[in-house]
Amino acid sequence: NPQDFELKLFVSEPNIRNPLAMSWDERGRLWVIESIDYPNNFEKERGKGNDRIKICEDTDGDGVADKFTIFKDGLNIATSLTFANDGVIVAMAPDFMFFKDTNGDDVADVEEIIMTGWSKGDTHAGPSNLQYGFDNKIWGVTGYAGYNGTVDGKRHIFGQGLYRLKPDGTD
């Protein structure tokens, strides 16, 4: 083992439930998508789900999360998140959503659909693994569920594969 290496559990149940995706912010906080709805069906109306994004924070420096804040709730089968434009982009078929906290309380008060067209045919094959790339684009993958939508006035249709887009949802 490397000298001074220590493995420590940062967060677990009951403080998080059914973690599906995570990302660390510039302040060392862990953002987790909790998939409470999985494996249930997609809800028909936006904002009717039970999934949520939770911020897990270590406030006393012991390496274990001790503060938990619900950044955004009412999500339904959210599958990935990445940071961009001082907020968070979330894959949640059929949409990619942008959420932002503007008043410093760590709760989203801006909500915007930045693109739509992701298939809701199967919760296991939708858009996932969003990453902010070195080229300042958002990269992701999708399984066989695919995409069928319009971006910047151009029609895009594809099954599984890798894709990239600008942080505002354009290509």
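Using C-alpha pairs below 8 Å separated by at least 6 residues, the relative contact order for the chain is 14 percent. When you filter the chymotrypsin sites (Phe, Trp or Tyr not before Pro) in the range 131-171 for DSSP loop state and at most 12 other Cβ atoms inside 10 Å of their Cβ, you are left with F134.
Placing a pseudo-label 7 Å from each Cα along the Cα-to-Cβ vector at N103 and V141 gives an inter-label distance of 4.0 nm.
Of K100/K154; K8/K67; K120/K166; K100/K137; K48/K72; K100/K166, which pairs sit farther than 20 Å apart, going by alpha carbon to alpha carbon?
On the way: K100/K154 27 Å; K8/K67 17 Å; K120/K166 22 Å; K100/K137 18 Å; K48/K72 12 Å; K100/K166 17 Å.
Exceeds cut-off: K100/K154; K120/K166.
Extending 7 Å from Cα along the Cβ direction at H156 and again at D4 yields two label points whose distance is 4.4 nm. The label point for D168 and the one for I70, both projected 7 Å from the Cα toward the Cβ, are 3.3 nm apart. The residues of the range 55-171 expose on average 48 square angstrom of accessible surface per residue, using a 1.4 Å probe on protein heavy atoms. So what are the ³J(HN,Hα) numbers for the range 143-149, from phi and the Karplus equation (6.51, -1.76, 1.60; θ = phi - 60°), rounded to whole Hz, Gly and Pro as x? For the range 143-149, the Karplus-derived couplings read x, 5, 5, x, 9, 8, x Hz, x marking Gly and Pro. Under a model in which nothing but the beta-carbon of Lys, Arg (+1) and Asp, Glu (-1) is charged, the range 1-108 shows a dipole of about 460 debye around its Cα centre. Across E112, E57, E26, the residue with the most accessible area heads the list, and the full order at a 1.4 Å probe is E26, E112, E57.
So what is the diffusion coefficient of the range 59-148 in µm² per second by Stokes-Einstein at 37 °C and 0.692 mPa s, using a Kirkwood Rh over Cα pairs?
Details: Rh = 14.3 Å.
Stokes-Einstein gives a translational diffusion coefficient of 229 µm²/s.
Hydrodynamic analysis of the range 103-162 uses the Kirkwood radius over alpha carbon pairs. Inserted into Stokes-Einstein at 37 °C and 0.692 mPa s, it gives a translational diffusion coefficient of 247 µm²/s.
Based on DSSP loop calls and a cut-off of at most 12 other Cβ atoms within 10 Å, the longest stretch of the chain free of exposed trypsin sites (Lys or Arg not before Pro) is what?
Values: sites that count: K8, R27, K44, K48.
Here the longest run is 49-171.
The values are calculated or read from the model by the stated rules, or taken from the named source; none is laboratory data. These numbers were taken from a predicted model, which means no experiment stands behind them. Here the Cβ is made from the backbone with ideal geometry for all residues, glycine too, and neighbour counts use every protein chain on show. To get the accessible areas, we keep the full protein, side chains included, count just its heavy atoms, and leave off ligands, DNA and RNA. Shrake-Rupley method; radii C 1.70, N 1.55, O 1.52, S 1.80 Å.
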